[in-house]
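Here the structure is laid out as structure tokens; the discussion comes afterwards.
The values are calculated or read from the model by the stated rules, or taken from the named source; none is laboratory data. All of these numbers come straight from a predicted model, not from anything done at the bench. Counting neighbours? That spans all protein chains shown, and the Cβs are built from the backbone with ideal geometry, glycine included. Please note that ligands, DNA and RNA were not included when accessible areas were found on the heavy atoms of the full protein model with its side chains. Shrake-Rupley method; radii C 1.70, N 1.55, O 1.52, S 1.80 Å.
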Amino acid sequence: MNWSQIGLVVRHLIFWLFNYWLVAFGSDFNWNGFTASDESLTYAYIYGLIFNAALFYAQVFWLHTKLYQQKRKVFFYILTIAIIFIITFLESYFDSIVYDHYNIQKPYLCGFVSSIMVHVVYTIAGFYYALKLAFKKSEKLKQKLIEETYKSELKYLKAQLNPHFLFNSINNVYHLIGKDNSLAKETLHQFSELLRYQLYESNTHILLAKELDYIIKFIKIEETNRGSDIRLDYDIKVENPSLKIAPLLLIPFIENAFKHCSNHLDANANTIKIKVEEIAEKLTLKVINSYDVSTDENANNGIGLSNVKKRLSLLYPDAHQLNIHKEAATFNVNLSIHL
């Protein structure tokens, strides 16, 4: 039993003890002929409270859990009513003993009806409490499933290293050695930092500054890989780099732009425009790239984009907007996230 469960038990004990004190000692209460003044209520409410608690916890730990939640509602209602009447008859029997002991005139039917009413109230309270517990348990389970799904999606995304990107980057570093050693060293350093971040540093949520630094390194490596074959324009501006964001959400769209950018002989026709901006905790990403219609009909149907769409719906269900469409020979991505 953990501290949370111990605290819950203590709160319940306090409730029942306070309940007993309030009725038996805290007021001049008259219940079915029993009063605090002659001490009859002091004894009568001991078993009365035990019966009330029995009805309450029968709902919480048995009837609601074993019958109601298992869709056996007919048995649930029959047993609930039966238990109320059994408890009421038992309490009436004990009442009669106390009536005889204190020479109190028995109220008979009126007392029986009032006892049933109290027992119904405690039964409904137990049912409502069990309903709340079931709802909380369901929400915790749902949250756990979301977290597990998120972790598996992130692991999958981390493992999804583009082989073409890896090959091209290593190949370009190889060809730069001897020709431009300083650029080769810089590219290799950026490449190693990029891999380290993707494999080890991108946890559940990370600083926006780190994610954007990763994106810049990726763009620079791709810029080195593609060289003069494309016209690249990118702009990244943020107001608050200390905001947190789920990792690797933006990169699939940027990676997709480089992967599916057109390969026209005229380099000016091969364009990629990337804009990342954060204003007042709203992050926007705009990516536009040219593509060759004849060879690239499925640019927006890749596994990477499908994966990131799922992650967005999972992590930011009501806090993001994603619009992906084609216009003539350009592929457009507009994403906004409220961080």
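Mean residue ellipticity at 222 nm from the helices of the chain, using -39,500 (n - 2.57) per DSSP H segment of n ≥ 4 over the full residue count, to the nearest 500 deg cm²/dmol?
Details: 9 runs with 194 residues, N = 339.
Value at 222 nm, helices only: -20000 deg cm²/dmol.
Have a look at the DSSP beta bridges in region 195-284 and tell me what percent are antiparallel, nearest 5.
Of the beta bridges lying entirely in region 195-284, close to 40 percent run antiparallel.
To the nearest 20 debye, what is the magnitude of the charge dipole of region 199-339 about its Cα centre, counting +1 on the Cβ of each Lys and Arg and -1 on the Cβ of each Asp and Glu?
With Lys and Arg at +1 and Asp and Glu at -1, about 260 debye.
Please give the per residue accessible area of region 6-119, computed with a probe of 1.4 Å over protein heavy atoms only, in Å². Spell out each step's value before the answer.
Working: 7000 Å² over 114 residues.
Roughly 61 Å² per residue, with all protein chains present.
Please report the orientation-averaged projected area of region 216-339, defined via the convex hull of its C-alpha atoms, in nm².
Directional mean of the projected Cα hull area for region 216-339 stands at 7.6 nm².
Answer with a single label: of (i) 20.4; (ii) 19.8; (iii) 26.2, which was calculated as Kirkwood radius over Cα pairs in Å from the structure in view?
(iii)
Give me the percent relative contact order of the chain, please, defined on Cα pairs under 8 angstrom at least 6 residues apart. Walk me through the numbers on the way to the answer.
Details: 374 pairs, mean separation 37.7, N = 339.
Rounded, it is 11 percent for the chain.
For ILE219, ILE177, what's the largest-to-smallest order of accessible area, 1.4 Å probe?
Correct descending sequence by accessible area is ILE177, ILE219.
How high is the relative contact order of region 215-339, in percent, with contacts defined as C-alpha pairs under 8 Å that are six or more residues apart?
Taking the mean separation of contacting Cα pairs over the length of region 215-339, I get 26 percent.
Could you check which residue among ASN172, ASN270, ASN19 shows the biggest mean-square fluctuation in a GNM of the chain with a 10 Å Cα cutoff?
Greatest mean-square fluctuation among the candidates belongs to ASN19.
Which lysines, on any chain, are close to LYS66 with Cα under 25 Å apart, when same-chain ones fewer than 8 places away are left out?
The reachable lysines, counting only those whose Cα sits under 25 Å from LYS66, are LYS132, LYS136, LYS137, LYS140, LYS142, LYS144.
For the chain, with all protein chains present and a 1.4 Å probe, just round the carbon and sulfur fraction of the accessible area to a whole percent. Write out the running numbers ahead of the final one.
Details: 12190 of 19910 Å².
Carbon and sulfur together cover 61 percent of it.
Please give every one of the aspartates and glutamates within straight-line cross-link reach of LYS282, meaning a C-alpha to C-alpha distance under 19 Å, and leave out same-chain neighbours fewer than 8 residues apart.
Reachable aspartates and glutamates: GLU211, ASP213, ASP235, GLU239, ASP318.
State which stretch of the chain is the longest one without any exposed GluC sites (Glu not before Pro), exposure meaning a DSSP loop state and at most 15 other Cβ atoms within 10 Å.
Numbers: sites that count: GLU39, GLU239, GLU281, GLU297.
Within the chain, the longest run free of exposed GluC sites (Glu not before Pro) spans 40-238.
Two decimals is fine: what is log10 I(q)/I(0) at q = 0.12, 0.22 Å⁻¹ for region 46-107, from a Debye sum with one equal scatterer on every Cα and no solvent?
Debye intensities relative to I(0), on a log10 scale: -0.39, -0.85.
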